[in-house]
Structure formats: C-alpha cells, structure tokens
Amino acid sequence: MTAPLLQARHLVKRYGRGARSVVAVDGVDFTLHRGEILGIVGESGSGKSTLGRILLKLTAPTSGEVWLDGSRVDRLSERAFRPYRRTIQAVFQQPQAAFDPRWTVRRSIEEFHLLRGEPRSGAAATIEALAREVRLDPALLDRLPGQVSGGQLQRLSIARALAARPALLVLDEPTSALDVSIRAQIVRLLLALRDEERLTYVLISHDMEVIRAMATRVAVMRHGVWVEEGPAERVLGAPAHPYTKKLLAAADAGMDLIRPGRGR
Amino acid sequence: MTALDVRPAARRGPVARWRILVPAAGLAVIALVSLVGPFFLVDPLDVGAGEPLSGPSGAHLFGVDQYGMDVLSRVVSAGRIDLLLALSASAIALVAGIPLGAFAGYRGGAWDQGLLRVAESFQAFPTMLLAMGVTLALGPSLPNLVAVIAVVNIPLYMRLARSAVIPLREADFVLAARCAGRSTFQIVRQHIVPNIAQVAIAQFSVTCAWAIQVLAGLSFIGIGVRMPTAEWGSMIRQGTDHMVTGQWWLSVFPGLAILLTVLALNQIAAAARRWGGPS
C-alpha cells in the first residue's frame, strides 16, 4: 500500500506564552489518502484556517508532525521544503487579495509555473490551457486582478494553484467571498478538476452546503480540537457529537431563513 | 510598468493628473533654471557685478548684494547646490531606509525589534539638533551635510516601509508567493517593495523639501554652506542685516526660491499620496 498523501500527527499551535497563550490547534491527528476530499468545518476562530496554514507550511506548528507523501516536512527549512511546494498548493478565501494588485494575472500564474521546473518558453501555452481548464477566456490573463470579477478571479486562483501541477490542494473557504450563484459554479469546477487532475482536497469551510456537496470525509473542529471525524454521509447524516448536531441544526436553520422551501 | 501605473486608467481622473502635473512642472522649471541658468548669467561670485546694495533694475533683475554680487545669479546657482544636496541626501535615505524597513517588517521578531530600536535612538533627538551636532563635530563640508541629512532620514523611511509591510506580510498574495516557493528576498523585492513605492515617492518629496529647509536653516545659523558659495539659507542670513534699512531684495528672492521649491515638492508628495491611496 502506498503512503498516505498527507498525515498530521498530534499537531498543536499555541500563540503567545504562559498563562495568556491561546491554543489555536490542539492535538489534531488525521490521515488523508489520494482522491479524498477532507472537509474541515467549524465556526470562525475554531482553528481550521490555522490548521490549513500549518499544512501549507506558512505557519510552524508548536509541536506535532506533518508528513507529506511519506516524508516528514514540518521541520524542514523553507529551502528544503521547496520541492514539496509542487505537491501541495492553496486556494485562498479572498481572490482579490490573493493576487498581487500590480501584476497581470498571467504573471502571477507564471510565478507558480516556475515550480514545475520547466523552461519558460512553454509557459504561455500552458497558462492559456489552464485558463481554458477553469473555463475562462485566456484573454482575461492579461488583465490586472482589479479588472476581473471575483468569481473569475477565484477560477484563476485555482488555475494558478494547478500551474504547479499539485497532488493536493488546501482550499481555505474557497467560496465564502463569492455570490451564491457563483459558489455553485466553483464547487462544480472543483469537483470536475478533481477527476480530471486526480486531485486530493483539504476543504476548509464553515459553509455546510459546500461541505455536503464536496466532502468525502468530514472533520468537525471546535476550539482547536477535532471533535468528530468520519465519512461525510455518517457525520452529516448521523452526527455523534452534540456540537456537530448543533452546527448542522444552525446551518439548516440559516439556510431555511435564506431560501425557504429549498431542500437538498 | 512605472511605479505609479497601478490603477485602471478610468480611475485616474483629470483632477489627479493636474494635481501632480502642475507642481511637477513647477519643480522641473526650477531645476532647469538652476541647471542651465548659470551659463547665461554673470558669475555669482563676481564682487564687481554691480553697485553694492543697488535695487532691482534692468541690469540686475533681483538687485545687487552688499558685496556687489548679482542676486539673481546667486539665487540661480544656489538652486544647483540646494537641489543637488537635497536630492542626493534623500536618495541615500530612501535607498538605505526602504529595504531595511521592508526587511525588518517582513521578518519580524528579533530583527524587527533590533532595527526598530536603532531607528528610535536616532529619532529620539530633534532632527535639527542632531544635524547641528553632527555638522559641528565633523565639520561643515558638503558631503558631511549630505550624510547628516541622509542619516537623519533613514529611520523615517525604515518606519514607513515597515508599517507598510506589516499588513502586506499577512496578505494572501504574499502567502501565495510563499506557496510558489519564493524566497524572502524575492518576495520583498518583487511583491513588497513595489507595493510600497507610492508611499516612498510621497515621502521622498517630503524629505527633499525638508532637506532644503534644514540646509537653509543650517546655513542660516552659519554651520552649513559657507560664504561666498551661493546657498539660499546663507543668502537670507546675509540679507537680514539689510532688511531693516530697506534693502529687502537680498533676503526676499532666496526666500521665495525656498518657498516655491518646498511648495512644489510638498504638492507632489500630496498628489502622490492621493494617487496611491486605498482603492
């Protein structure tokens, strides 16, 4: 059996020291295999974004281990981690904030294409192909981020992540900043790309509808603790932990308020 | 891409354009006159240019000073020295201060605290006093003046860059660049410094204006540029004795030169700040 793509072993992230310290992530363990979509749900401040950043090696854990594709990576220097950057990529919540405002989208995507270690000469064609892959007109590539709509820009940020040809994407609230109508398009796109590109996702979201539509496994996080984890149907259909039940009830109530009469 | 060319063209209205073009044109005229003027005017050090203390006339538009030197010629050639010193001192401060501050802000931690303390220790002194002290200690040569004005301004640029960088450090596009495997140096150079260019330009203009005033101030109290070299501040000082007896042209014309130059620089700074403001 091949090694799991991603493994977290007792991850802890503590901010500050002593009595006034805050524990953002408190002993998280999980194993993620290729092809899975792990949905991590929780309220704001539950530590799910911090966990995402630890997995992306944007934040160092206080203790615990991260294993990527069979190697331990959490103690590696930035330079030593660089080859792994190809494997794990991210899509952020705010597409407008995720692009350098003074670079054309094409140039931003090129920055990620460099990770492939391929000659620059082929980059233009590859990047245009990526734009088509996320169902966009390649003409948009030569615009600045401020000249592209939020939904288009989120597609482009997915294209940018794909430019590194990753195996794993950490999606941190990928649809939260978008209109409801565009949200569904992004979810469909991500699901289609998973099959086309054989991707694995860590999907961080507080949006139960998105989690329900995408996740194969669901983990519920509260105050940095992994309170419940299991196959999506089980956790969402027959939650065991009282907090999960509360979260699901709140989400249903909220959805009924926004769109009465629409069930899934 | 130029430093200011960030926003879609539609967002840069005609108002923003003239606000920067008018003072920039004014400054360009001042610089051009200072640069080529001396070739067409009498020697600013010629004590026999005219009758001492004679007022503005057709032959001497700005009058003649107490030594018989032509005031117009001196005001113009002083512009060379003042602008050159101000520009070079500000440029040194910018080139040293912005990368240091950007680095401190991006790295954070001990580097940030250490550099910040050094900057604070410079800023603890009133700048004019610091400039006076150093000039007195090292002697009032032109390179020393430039060095003093530059050193006094480095902490300003550092703090400016640092405070601009801190919100950028956690910006998603910087995190994205880290995901793209860029090094700290590459991120600071490619993503951070260009994004703080506008504040730096605004500050550069302010520093130039300030440098001209400090230079004039130091010369005015006699520890800057010395006679007979023409410099606006020292010219004002030379003229003050004669103000009471009615020979106003000795001080007023160099004073106007400072006023116009500083005004133009400050207006450029204000426009640059507005241009680079939050979108």
* **Leading residue by the ranking (nearest to the chain's Cα centre (by Cα)) among those in the stretch B:78-106 that are modelled with pLDDT of 90 or more and hydroxyl-bearing (Ser, Thr, Tyr)** => B:90
* To do: Would you point out which residue out of B:108, B:133, B:139 is surrounded by fewer than 21 Cβ atoms within 10 Å (Cβ to Cβ), more than 14 Å from chain A (Cβ to nearest Cβ) and at positive phi?
  => B:139
* **Among the residues listed as B:235, B:243, the single one being more than 24 Å from residue B:127 (Cβ to Cβ) and either hydrophobic (A, V, I, L, M, F, W, C) or surrounded by fewer than 22 Cβ atoms within 10 Å (Cβ to Cβ) (or both)** => B:243
* To do: Scan (1) under 16 Å from the mean Cα position of the chain (by Cα); (2) surrounded by fewer than 22 Cβ atoms within 10 Å (Cβ to Cβ) for the single condition residue A:60 breaks and write down its number.
  => (1)
* To do: Report yes if residue B:192 is away from every other protein chain (no Cβ under 14 Å), assigned to a helix (DSSP H, G or I), touching a residue at least 60 places away in the same chain (Cβ under 8 Å) and on the phi < 0 side of the Ramachandran plot, otherwise no.
  => no
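Of A:230, A:150, A:146, A:224, which residue is without any contact (Cβ under 8 Å) to a residue 24 or more places away in the chain and among the small types (Gly, Ala, Ser)?
So the residue among A:230, A:150, A:146, A:224 that is without any contact (Cβ under 8 Å) to a residue 24 or more places away in the chain and among the small types (Gly, Ala, Ser) is A:230.
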* Residue under evaluation residue A:22, criteria (1) in contact (Cβ under 8 Å) with a residue 60 or more places away in the chain; (2) hydrophobic (A, V, I, L, M, F, W, C); (3) farther than 30 Å from residue B:194 by Cα, criterion not met -> (1)
* Sole exception among (1) within 14 Å of chain B (Cβ to nearest Cβ); (2) touching a residue at least 24 places away in the same chain (Cβ under 8 Å) for residue A:70, by number -> (1)
* Selection from the stretch B:195-210 of residues that are in a helix (DSSP H, G or I) and within 13 Å of chain A (Cβ to nearest Cβ) -> B:195, B:197, B:198
* Structure fact -> Within the stretch B:211-224, restricting to residues that are crowded, with 21+ Cβ neighbours inside 10 Å and touching a residue at least 40 places away in the same chain (Cβ under 8 Å), the one that is nearest to the other protein chains (Cβ to nearest Cβ) is B:211
* Taking residue B:110, is it more than 20 Å from residue B:253 (Cα to Cα), assigned to a helix (DSSP H, G or I) and within 27 Å of the chain's Cα centre (by Cα)? -> no
* **Within the stretch A:143-166, tally of residues that are away from chain B (no Cβ under 12 Å), under 14 Å from residue A:106 (Cβ atoms) and out of contact with any Pro (no Cβ under 9 Å at 6 or more places or on another chain)** => 1
* Looking only at the stretch A:122-142, decide whether some residue is closer than 20 Å to residue B:181 by Cα, touching a strand residue (DSSP E or B) at 6+ places or on another chain (Cβ under 7 Å) and in a helix (DSSP H, G or I). => no
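Kindly evaluate residue B:183 against the criterion of being within 14 Å of chain A (Cβ to nearest Cβ), surrounded by fewer than 18 Cβ atoms within 10 Å (Cβ to Cβ) and out of contact with any Gly (no Cβ under 8 Å at 6 or more places or on another chain).
Yes: the conditions hold for residue B:183.
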* Asked: Of all residues in the stretch A:73-98, which are among the hydrophobic types (A, V, I, L, M, F, W, C) and either within 7 Å of chain B (Cβ to nearest Cβ) or closer than 28 Å to residue A:175 by Cα (or both)?
  -> A:88, A:90, A:91, A:92, A:97, A:98
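Condition check ((1) over 30 Å from residue B:198 (Cα atoms); (2) buried (at least 20 other Cβ atoms within 10 Å of the Cβ); (3) within 9 Å of chain B (Cβ to nearest Cβ)) across all residues:
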residue	(1), (2), (3)
A:100	no, yes, yes
A:105	no, yes, no
A:112	no, yes, yes
A:115	yes, yes, yes
A:122	yes, no, no
A:129	yes, no, no
A:141	no, yes, no
* Would you confirm whether any residue within the stretch A:144-153 is part of a loop (DSSP other than H, G, I, E, B) and in contact with a Phe, Trp or Tyr (Cβ under 9 Å, 6 or more places away or on another chain)? => yes
* Structure fact -> Within the stretch B:153-180, the residues that are more than 11 Å from chain A (Cβ to nearest Cβ), without any contact (Cβ under 8 Å) to a residue 60 or more places away in the chain and surrounded by 22 or more Cβ atoms within 10 Å (Cβ to Cβ) are B:155
* Asked: In the stretch B:68-107, how many are charged (D, E, K, R) and touching a Ser or Thr at 6+ places or on another chain (Cβ under 6 Å)?
  -> 1
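The values are calculated or read from the model by the stated rules, or taken from the named source; none is laboratory data. The model shown is predicted, which means the values in this text are computed figures rather than measured ones. Here the Cβ is made from the backbone with ideal geometry for all residues, glycine too, and neighbour counts use every protein chain on show.
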